[in-house]
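The values are calculated or read from the model by the stated rules, or taken from the named source; none is laboratory data. Everything quoted here is computed from the prediction, not taken from an experiment. Please note that ligands, DNA and RNA were not included when accessible areas were found on the heavy atoms of the full protein model with its side chains. Shrake-Rupley method; radii C 1.70, N 1.55, O 1.52, S 1.80 Å.
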Amino acid sequence: MEKETVWIYCSVASRNSIELLNYQEHVLNDLAFKFGMKVVGVSKIISEENKNCHYQIEAMRNAIRTQKVGIVLVYTKERISADKDVADEFMMFCDMCHVELVTYQQLKNKLVLYRLFNNQF
């Protein structure tokens with residue numbers, strides 16, 4: 001059975017929050033590992049540094065477009081972009097490419113349910 005392919009998308013507003021950027025990557029990577037997913041890419045965005053932001057998003061979009069990704073994993077959907085139009089367009093792009101956008105909380109809830117039904121607490 002082939003592993004589900006995942007792209008991890010992390011973002012913060014400014015360089016002052018770099019520890020939160022690293023935290024997002026860590027917890028999302030950890031959950032992906034617990035579910036046996038294969039992480040094929042990670043985007044770490046600092047919104048105030050637009051040059052890096054554009055490259056990171058394009059790399060992820062290319063992986064989605066070429067069907068190398070089945071899931072985009074984000075901490076919250078609000079992390080995609082502060083601009084609602086940009087976030088909505090990205091979600092539509094994922095839908096169009098049949099890629100699921102999954103949040104940390106959604107995946108964590110599935111893990112809790114799995115453990116409950118398998119008495120693994």
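Close amide H contacts of LEU101 (hydrogens built in the peptide plane, cut-off under 5 Å, sequence separation of 5 or more or a different chain): VAL72. Residues in the chain average 65 Å² of solvent-accessible surface per residue, probe 1.4 Å, ligands and nucleic acids excluded. Expressed as a whole percent, the accessible surface of the chain that belongs to carbon and sulfur atoms is 53, based on a 1.4 Å probe. Taking the centroid of alpha carbons for each part, region 52-72 and region 73-88 are 14 Å apart.
The amide H of VAL69, built 1.01 Å from its N in the peptide plane, has no neighbour under 5 Å, considering only residues 5 or more places off or on other chains. Extension gain, MET91 to HIS54, is 11.7 nm, computed as 0.36 nm per intervening residue step minus the present C-alpha separation. Residues whose amide H comes within less than 5 Å of that of VAL42, counting only those at least five positions distant or on another chain, are ILE8 (H built at 1.01 Å from N in the peptide plane).
Rounded, prolate or oblate: which fits region 1-73 when a ≥ b ≥ c are the square roots of the eigenvalues of the alpha-carbon gyration tensor, with rounded for a/c under 1.5 and prolate only if a/b beats b/c? It is oblate, given that a/c is not under 1.5 and a/b is not larger than b/c.
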